[in-house]
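Encoded as structure tokens, the structure appears first; notes follow it.
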Amino acid sequence: MTTHFTFKLLASDGKARRGEITMPRGTVRTPAFMPVGTAGTVKAMYLDQVRDLGADIILGNVYHLMLRPGAERVARLGGLHEFARWPHPILTDSGGFQVMSLAALRKLDETGVTFKSHIDGSQHRLTPERSIEIQDRLDSDIQMQLDECIRLPAERAEIERAMELSLRWAERSARAFGDQPGKAMFGIVQGGDVIDLRIRSAERLSAMDLKGYSIGGLAVGEPQHVMLKTLDETLPVMPSHKPRYLMGVGTPDDLLQSVARGVDMFDCVMPTRAGRHGLAYSRFGKINLRNARHAEDPRPLDEASACPASRDYSRAYLHHLTRADEALGGMLLTWNNLAYYQWLMAGMRDAIEAGRFADFKAETEAGWARGDI
Ligand SMILES: O=c1[nH]cnc2cc3nc(NCc4cccs4)[nH]c3cc12
């Protein structure tokens, strides 16, 4: 039982790292994939199932929770862990990214961002201080600074303006967060695809001696090679003894390539969103259960899987459920996808410990390349 937030590096293999984040609510084994629990629920899953698949931590979105049911209401009901019955660590984002991608009528200035709810049009305002206050009311274990993530391609001047604003907001977020030994606030490295701006952002954030660092501004539609090049340039100037969290990433291949470069934490809606749309991730690559070729295929998705959704149901049945838009279809495919993502993360963690990450990566890529037999 610990009272402090600590990150320990247990092993490394090349640039890939195996670590452990300990905090009062539990331990996060890294590299870690954080299922996205947007509005206090990982869609189409029971949180006990999410835990049984090996998830040590889930993500909550400030934007969604502040609009509905409201941070103060969640606080009155005992905080997000109590409300959702998830006693393990929760990471909350700051809301800024969702404001810029979901809200209506947004107005961003030096002090913060004002916007209208996409649900009922009500007016709201987020500042670095207000976002930390909301994350505190949710009793979040890992909190994120408020930042400005801009879409690429963009002019250097625009990228620099947003990166500098995010640095000033990092200072204000850190001041508002204060000194909470069992919790952490992460800074977010910005700078678009401009290497000198990325390096300036990483160095200025490192000087703030925060407990963890995210790489933001990626997984916003850029090609994978641009994301990986940015990682190659940015990771070496980020503190090696602190957790590194790549926001919004990604596909199984993104995870494999990013862990190889030294990323420790990930979150992405891909496995859950794709599951609801009939797409299965597997050791054999992607399988689109809407496709008629599965209509009479009696085989399960993966007979070697420990997950009932992957091992016990025929592709024909999953195809039927998907075509019929039955709720169980999304439930089973979400279950399969999160099982596969956690299986992949556990495989990478074990491979790094055993010093065989390169072999694991090659075997995994070969399985995807062979495709779905
Ligand atoms: O710089 C960022 N700052 C704070 N949150 C983020 C979340 C992010 N999520 C994605 N990609 C995943 C996506 C989800 C929905 C649309 S893109 N990229 C992201 C970048 C940031």
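The values are calculated or read from the model by the stated rules, or taken from the named source; none is laboratory data. Predicted, not measured: the structure shown is a model, and the values here were computed from it. Positions of Cβ are generated from backbone atoms using ideal geometry, with glycine treated the same way; all protein chains shown enter the neighbour counts. Heads up: the accessible areas ignore ligands, DNA and RNA and are worked out on the full protein's heavy atoms, side chains in. Shrake-Rupley method; radii C 1.70, N 1.55, O 1.52, S 1.80 Å.
In the set 238, 247, which member is open to solvent by 30 Å² or more (accessible area, probe 1.4 Å) and of a type in the set (A, V, I, L, M, F, W, C)?
Values: 238 fails: open to solvent by 30 Å² or more (accessible area, probe 1.4 Å).
Among 238, 247, only 247 is open to solvent by 30 Å² or more (accessible area, probe 1.4 Å) and of a type in the set (A, V, I, L, M, F, W, C).
Being in contact with a Phe, Trp or Tyr (Cβ under 7 Å, 6 or more places away or on another chain), crowded, with 20+ Cβ neighbours inside 10 Å and within 23 Å of residue 228 (Cβ to Cβ) narrows it down to one of 186, 97, so name that one. Spell out how you get there, then give the answer.
Values: 97 fails: in contact with a Phe, Trp or Tyr (Cβ under 7 Å, 6 or more places away or on another chain).
Within the list 186, 97, the selection yields 186.
When you scan region 93-129, how many residues do you find that are assigned to a helix (DSSP H, G or I) and within 16 Å of the ligand (Cβ to nearest atom)?
Taking region 93-129 first, the residues assigned to a helix (DSSP H, G or I) are 96-102, 128-129.
When the remaining residues are screened for being within 16 Å of the ligand (Cβ to nearest atom), the result is 96-102, 128.
Looking only at that region, the number is 8.
How many residues are open to solvent by less than 10 Å² (accessible area, probe 1.4 Å) and either within 13 Å of the ligand (Cβ to nearest atom) or in a helix (DSSP H, G or I) (or both) if we restrict to region 130-139? So that I can check it myself, show each step before the final result.
Of the residues in region 130-139, the ones open to solvent by less than 10 Å² (accessible area, probe 1.4 Å) are 131-132, 134-135, 138.
Those left that are additionally either within 13 Å of the ligand (Cβ to nearest atom) or in a helix (DSSP H, G or I) (or both): 131-132, 134-135.
Summing the residues that are open to solvent by less than 10 Å² (accessible area, probe 1.4 Å) and either within 13 Å of the ligand (Cβ to nearest atom) or in a helix (DSSP H, G or I) (or both) in region 130-139 gives 4.
Quick check on region 193-215: of everything there that is within 25 Å of residue 4 (Cβ to Cβ) and touching a residue at least 40 places away in the same chain (Cβ under 8 Å), which residue is farthest from the ligand (Cβ to nearest atom)?
The residue in question is 211.
Restricting to region 216-226, give me the number of residues that are open to solvent by 50 Å² or more (accessible area, probe 1.4 Å) and either in a helix (DSSP H, G or I) or more than 15 Å from the ligand (Cβ to nearest atom) (or both).
Within region 216-226, the first condition is being open to solvent by 50 Å² or more (accessible area, probe 1.4 Å), and the residues that meet it are 221, 223-225.
Checking the rest, the ones that are also either in a helix (DSSP H, G or I) or more than 15 Å from the ligand (Cβ to nearest atom) (or both) come to 224-225.
Matching residues across region 216-226 total 2.
Sort out which residues of region 300-319 are of a type outside the set (D, E, K, R), in a helix (DSSP H, G or I), touching a residue at least 24 places away in the same chain (Cβ under 8 Å) and open to solvent by less than 30 Å² (accessible area, probe 1.4 Å), and write them in order of number.
Going residue by residue through region 300-319, those that are of a type outside the set (D, E, K, R) are 300-301, 304-310, 313-314, 316-319.
If we keep only those that are in a helix (DSSP H, G or I) too, we end up with 308-310, 316-319.
So of that shortlist, the ones also touching a residue at least 24 places away in the same chain (Cβ under 8 Å) come out as 308-310, 318-319.
Answer for region 300-319, where residues must be of a type outside the set (D, E, K, R), in a helix (DSSP H, G or I), touching a residue at least 24 places away in the same chain (Cβ under 8 Å) and open to solvent by less than 30 Å² (accessible area, probe 1.4 Å): 309, 310, 318, 319.
Anything in region 227-241 that is more than 13 Å from the ligand (Cβ to nearest atom) and either in contact with a helix residue (DSSP H, G or I) (Cβ under 8 Å, 6 or more places away or on another chain) or among the polar types (S, T, N, Q) (or both)? List them, or say none. Walk me through how you get there before you give the answer.
As a first pass, look at region 227-241 and keep what is more than 13 Å from the ligand (Cβ to nearest atom): 228-229, 231-233, 235-241.
228, 231, 233, 237, 238, 239, 240, listed by residue number.
Being assigned to a helix (DSSP H, G or I) and aromatic (Phe, Trp, Tyr) is the filter here; which residues of region 140-191 pass it? First the steps, then the outcome.
Residues of region 140-191 assigned to a helix (DSSP H, G or I): 156-177.
Within region 140-191, 169, 177 qualify.
Just a yes or no: is a residue in region 55-75 surrounded by fewer than 19 Cβ atoms within 10 Å (Cβ to Cβ) and closer than 29 Å to residue 232 by Cα?
no
Among the residues of region 264-273, write down those that are crowded, with 20+ Cβ neighbours inside 10 Å and within 13 Å of the ligand (Cβ to nearest atom). Before the answer, list the steps.
Restricting attention to region 264-273, the residues satisfying the condition of being crowded, with 20+ Cβ neighbours inside 10 Å are 264-268, 270-272.
The answer is 265, 266, 267, 268, 270, 271, 272.
Can you name the number of the only condition in (1) open to solvent by 10 Å² or more (accessible area, probe 1.4 Å); (2) under 18 Å from residue 118 (Cβ atoms); (3) in contact (Cβ under 8 Å) with a residue 40 or more places away in the chain that residue 81 fails?
Residue 81 satisfies all of (1) open to solvent by 10 Å² or more (accessible area, probe 1.4 Å); (2) under 18 Å from residue 118 (Cβ atoms); (3) in contact (Cβ under 8 Å) with a residue 40 or more places away in the chain except (2).
Would you say residue 233 is surrounded by fewer than 22 Cβ atoms within 10 Å (Cβ to Cβ), part of a helix (DSSP H, G or I) and acidic (Asp, Glu)?
Details: surrounded by fewer than 22 Cβ atoms within 10 Å (Cβ to Cβ): yes; part of a helix (DSSP H, G or I): yes; acidic (Asp, Glu): yes.
Spelling it out, residue 233 is indeed surrounded by fewer than 22 Cβ atoms within 10 Å (Cβ to Cβ), part of a helix (DSSP H, G or I) and acidic (Asp, Glu).
Being under 21 Å from the mean Cα position of the chain (by Cα) and modelled with pLDDT of 95 or more is the filter here, so list the residues in region 138-162 that pass it. Don't jump to the end; show me each part of the working.
So in region 138-162, the residues under 21 Å from the mean Cα position of the chain (by Cα) come out as 138-152.
The answer is 138, 139, 140, 141, 142, 143, 144, 145, 146, 147, 148, 149.
Looking at 283, 276, 261, which one is within 16 Å of the ligand (Cβ to nearest atom), open to solvent by 20 Å² or more (accessible area, probe 1.4 Å), of a type outside the set (S, T, N, Q) and in contact (Cβ under 8 Å) with a residue 40 or more places away in the chain?
Details: 283 fails: within 16 Å of the ligand (Cβ to nearest atom); 261 fails: within 16 Å of the ligand (Cβ to nearest atom).
Matching residue, one of 283, 276, 261: 276.
Taking the residues in region 1-36 that are within 17 Å of residue 92 (Cα to Cα) and among the aromatic types (Phe, Trp, Tyr) as candidates, determine which candidate is most open to solvent (accessible area, probe 1.4 Å).
The selected residue is 5.
Which of the residues spanning region 140-173 are within 13 Å of the ligand (Cβ to nearest atom) and of a type in the set (Lys, Arg)?
151
Scan the strands (runs of 3 or more DSSP E) fully inside region 1-78 and keep the ones with 1 or more residues being at positive phi. Steps first, please.
Numbers: elements: 6-13, 16-23, 26-30, 32-35, 58-60.
Strands (runs of 3 or more DSSP E) meeting the threshold: 26-30.
Looking at (1) farther than 21 Å from residue 136 by Cα; (2) crowded, with 23+ Cβ neighbours inside 10 Å, which is the one condition that is false for residue 104?
For residue 104, the failing item is (2).
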